[in-house]
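Structure record follows, encoded as structure tokens.
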There are 2 protein chains.
Amino acid sequence: MPITIKDIASELNVSATTVSRALKNDARISVEVREKVKKSAAKMGYRPNLMAKSLVSSRTDAIGLLVDNLSWSFFSELAERVQNAAEKHGYSVFIYSSQKSAGLEKAGVERFMSRGIDGLLVYATEKEENRAFYSELDKLGIPVLFFNHFLRMDVNCVTTDDYDGTIQAIRHLGSLGHRRIAYVGSGEESSFKQQRLAGYRDGLNELGVEASPHWIGLEEDDPAYGYRKVKAWLAAPADERPTAVFAQNDMLAFGIYRAAAEAGLRVPDDLSVIGFDDLDVCQLMHPPLTTVRIPLKQLAEAAIRFMLDRFAAEAGGEAVRLKTTLSPSLIIRQSTAPLKQ
Amino acid sequence: MPITIKDIASELNVSATTVSRALKNDARISVEVREKVKKSAAKMGYRPNLMAKSLVSSRTDAIGLLVDNLSWSFFSELAERVQNAAEKHGYSVFIYSSQKSAGLEKAGVERFMSRGIDGLLVYATEKEENRAFYSELDKLGIPVLFFNHFLRMDVNCVTTDDYDGTIQAIRHLGSLGHRRIAYVGSGEESSFKQQRLAGYRDGLNELGVEASPHWIGLEEDDPAYGYRKVKAWLAAPADERPTAVFAQNDMLAFGIYRAAAEAGLRVPDDLSVIGFDDLDVCQLMHPPLTTVRIPLKQLAEAAIRFMLDRFAAEAGGEAVRLKTTLSPSLIIRQSTAPLKQ
DNA sequence: TAATCTAATGCGAACGTTCGCATAAAAAAT
DNA sequence: ATTTTTTATGCGAACGTTCGCATTAGATTA
């Protein structure tokens, strides 16, 4: 069975306390003993039992990450960054995928809490029925940080400026001469979607164009919707088609490529496409996708930094609300081109 | 501070033992007391402290999952399935991404162990230098299961029959009339790659074709390699080009689509492409990718089942080695077509 | 009515740590 | 030589559970 501190202690004829202290380099223990203990620990294959440590310190050095669906590239790329950032500071990450279910979202938090986590990171579904639940997460007694916007909610957030990112995208299309710019997305239930839509509207206004409801597709929350919706638009006569499409996320852009190809149109010559997220696959697509990059690494690092700060503060005065917004950047690749005359 | 069993005990003027037993429906506690305790627990917001429970039971109800890189769709889709399957049985999943580094692979296991996990699931990099390390994982004292093949290694494995999957793919291409079939992949260091390559060779043999080294690309381990390699092949005169390409994984297929497009060729009319894995994106590609499906859900469920069995056995006689192989299935979509005359 | 049995509950130790508060020995100061 | 200081170590409780072994009270039997 696993080696404990006591095994080392009796091996060396010292107390468990001494071993415990020696292992954490406590100055009270003489250097020789410290060395001796560490050597034995290594030789005997000692592994500290974090369960026991946690029980006394009531800290687990683990962070919970709740996401919509881990199999979606956006979330897994985020999770990877979060894990890396956490690991760097000695924290482990528990991941729970809510599968977009409000119920599982609650169950996940419940599980996290009894498992014992020091902090909670959430990318929530923003389901209406879980609204109250989100704001109550604060009462869990551990730091909670959202990757959601939740503008009007009194919670901690680290987010990207979706509005700004979308404006950048529309301006880019505008500068290429496009005016008939469509929007493909899904619903308005979550704040990032609202912001991207608002950015789209205002971006068009800047170009002196009024957004037409006809060219805003929001009906379904499915990556394949991009295909269906754009296919319908492209069925119209040439002068009634959009010349560029803004996709609310990169996955939708896939379907748009397909719709274009099936309509006999080329991207970007006949149709410019712009995405949002900058997933790894964007570079592999043909043509490589112009998109708005969400700085996932910085987002993850800011999140972990927030946690570390809160852990350090620990009752050190009232912790103030954090609302951090990172700037997205437009990554121009080859899916956008000047409007053909 | 969090509610403990003692809080409930003093609230109800019973002992902590009684509360503990009542909560797990121990028949020794009268029904009335059981109900009373449960009611109070719910009202007071009691959450069992799994740390404490673990300390005494030395079980954590957590499983570790070690993968190459969580941000790759294949691994994240697998992780999602594993998480779902584990959750169903009350187990949590700790994910650690080794980032394809042999060192981090070891560090991850170290971390898992001191954190305390009941079982370990591994998708290893198969780096030569970690060979010994893999076989020693057995000595950790917990069940260990690999998603790798490790044919000649004495470890537990749940895998897909990569050889068979590839044969199916080649047969499919053969039945469409293709004979000049190329292979794009990376190295031969890991067993699944060896198997796919062997399947390719034997599949060609069945068609009466000898595999030509010229049409086997293995130089780089990078999704963009599919693009580069196929682009080179397609630069040759028409009758010296492959008419179909087998991609060792779906991601490579992306680049192949691009190479084809840039060479002015259409998929599947001028070039058939077949992938491996069946990632979610396959359906979104244009054209939707014909591919060999790895049954991730079944793989994950088999893995969890294995764990549950081992937990239940618990010193119940010598546990026998498990080598489970699930059958992949060919998913025919629209990236393969009959050879043009 | 005393002895035995059953049902319901409680006591106290244990799991592997950490930490406050001794204690002991050696060194320094008086 | 005695007191004070310093240095190094140990004791025992605590964290929140679980579990073996009492203990108590009421019911049953002789």
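Placing +1 on the Cβ of every Lys and Arg and -1 on the Cβ of every Asp and Glu, with nothing else charged, gives region A:5-48 a dipole about its Cα centre of roughly 140 debye.
Its Cα gyration tensor gives region A:5-48 an equivalent ellipsoid. The semi-axes, each the square root of 5 times an eigenvalue, are 14, 10, 9 Å from largest down.
The residues of region B:5-48 have, on average, 65 Å² of accessible surface per residue, using a 1.4 Å probe with all protein chains present.
Quick one: net charge around A:THR4, please, counting Lys, Arg +1 and Asp, Glu -1 for every other residue with C-beta under 13 Å from its C-beta. Neighbourhood net charge equals +1. Other residues with beta-carbon under 13 Å from the beta-carbon of B:ASP61 carry, at +1 per Lys or Arg and -1 per Asp or Glu, a net charge of +4.
Relative to the longest principal axis of the C-alpha atoms of chain A, give the angle of the C-alpha long axis of helix A:296-313, reported between 0 and 90° and rounded to the nearest 10°. In chain A, helix A:296-313 runs at an angle near 40 degrees to the longest axis.
Among the listed pairs A:LYS38/B:LYS127; A:LYS6/A:LYS36; A:LYS88/B:LYS88; A:LYS43/B:LYS139, those whose Cα-Cα separation exceeds 20 Å are A:LYS38/B:LYS127; A:LYS88/B:LYS88. Distance from the alpha carbon centroid of region A:229-251 to that of region B:181-228 works out to 39 angstrom. With point charges of +1 on the Cβ of Lys and Arg and -1 on the Cβ of Asp and Glu, referenced to the Cα centre of chain A, which listed residue (A:ALA302, A:ASN84, A:SER10) lies farthest in the positive direction of the dipole? Checked the options; the winner is A:SER10.
Starting from the Cα gyration tensor of the protein assembly as shown, take the square roots of the eigenvalues, sort them a ≥ b ≥ c, and report rounded, prolate or oblate (rounded when a/c is under 1.5, otherwise prolate if a/b is larger than b/c, else oblate). Judged from the Cα gyration tensor, the protein assembly as shown comes out oblate (a/c at least 1.5, b/c at or above a/b). For A:SER58, inter-copy separations between label points set 7 Å beyond Cα along the Cβ vector come to 2.8 nm, shortest first. Relative to the isolated chain, which residues of region A:47-93 have their accessible area cut by 50 Å² or more in the presence of all protein chains (1.4 Å probe, heavy atoms, no ligands or nucleic acids)? Listed in order, they are A:ARG47, A:LEU50, A:MET51, A:LEU55, A:LEU70, A:SER71, A:GLU80, A:GLN83, A:GLU87, A:SER92. GNM remark for chain A: springs join alpha carbons under 10 Å apart, and the peak mean-square fluctuation among A:THR291, A:THR166, A:THR325 falls on A:THR325.
According to the square roots a ≥ b ≥ c of the eigenvalues of the Cα gyration tensor, what is the shape class of region A:67-138, taking rounded for a/c under 1.5, prolate for a/b larger than b/c otherwise, and oblate for the remainder? Here region A:67-138 falls in the oblate category. Across the identical copies, the label point of A:ALA313 (7 Å from Cα in the Cβ direction) is separated from its matches by 5.1 nm, in order from shortest. Farthest toward the positive end of the dipole of the protein assembly as shown, out of B:ALA132, A:ALA62, A:TYR46, is the Cα of A:TYR46, where the dipole comes from beta carbon charges about the Cα centre. Remark: the protein assembly as shown carries a charge dipole of roughly 1560 debye about the Cα centre, counting +1 on each Lys and Arg Cβ and -1 on each Asp and Glu Cβ. Mean partner shielding of peptide A:99-105, defined as the number of other chain Cβ atoms within 10 Å of each residue Cβ, is 1.
Would you calculate the separation in nanometres between label points at A:ASP222 and A:GLU11, each defined as 7 Å from the Cα along the Cα-to-beta-carbon direction? Result: 6.1 nm between the two label points. Estimated from helices alone, the mean residue ellipticity of the protein assembly as shown at 222 nm is -13000 deg cm²/dmol (sum of -39500 (n - 2.57) over DSSP H runs with n ≥ 4, per residue). Only protein atoms count toward the accessible area here, which uses a 1.4 Å probe; on region B:234-273, the carbon and sulfur part of that area reaches 47 percent.
Dipole of region A:183-227 computed with +1 at Lys/Arg Cβ and -1 at Asp/Glu Cβ about the Cα centre; of A:SER190, A:ASN205, A:TYR225, farthest Cα towards the positive end is A:ASN205.
Closest approach of any chain A Cβ to the axis that rotates A onto B belongs to A:SER76, 2, distance given in whole Å.
Taken over the alpha carbons of chain B as equal point scatterers, the Debye sum produces base-10 log I(q)/I(0) values at 0.06, 0.08, 0.14 Å⁻¹ of -0.31, -0.50, -1.07. Computed from Cα atoms, the angle from the helix B:250-262 axis to the main principal axis of chain B rounds to 30 degrees.
Between A:ARG179 and A:SER101, the modelled label-to-label distance comes to 5.0 nm, taking each label 7 Å out from Cα in the direction of the beta carbon.
Proximity of backbone amide H atoms, modeled 1.01 Å from N, is registered between A:SER92 and A:ALA62, A:ILE63 at under 5 Å, excluding neighbours fewer than 5 places apart on the same chain. From most to least packed by mean Cβ count within 10 Å, the peptides A:279-288, B:98-107 give A:279-288, B:98-107. With label points defined 7 Å past Cα in the direction of Cβ, position A:GLU240 shows copy-to-copy spacings of 5.2 nm, given to one decimal and shortest first. Both chains summed, the buried accessible area for A and B stands near 4600 Å², from protein heavy atoms and a 1.4 Å probe.
Computed in the context of the full set of protein chains, the accessible area of region A:5-48 at 1.4 Å probe radius has 50% of its extent on carbon or sulfur.
The values are calculated or read from the model by the stated rules, or taken from the named source; none is laboratory data. Since we're looking at a predicted model, the values are computed, not measured. Don't worry about glycine lacking a Cβ; one is built from the backbone with ideal geometry, like all the others, and counts go over all protein chains shown. SASA here: full protein model, heavy atoms, side chains in, ligands and nucleic acids out. Shrake-Rupley method; radii C 1.70, N 1.55, O 1.52, S 1.80 Å.
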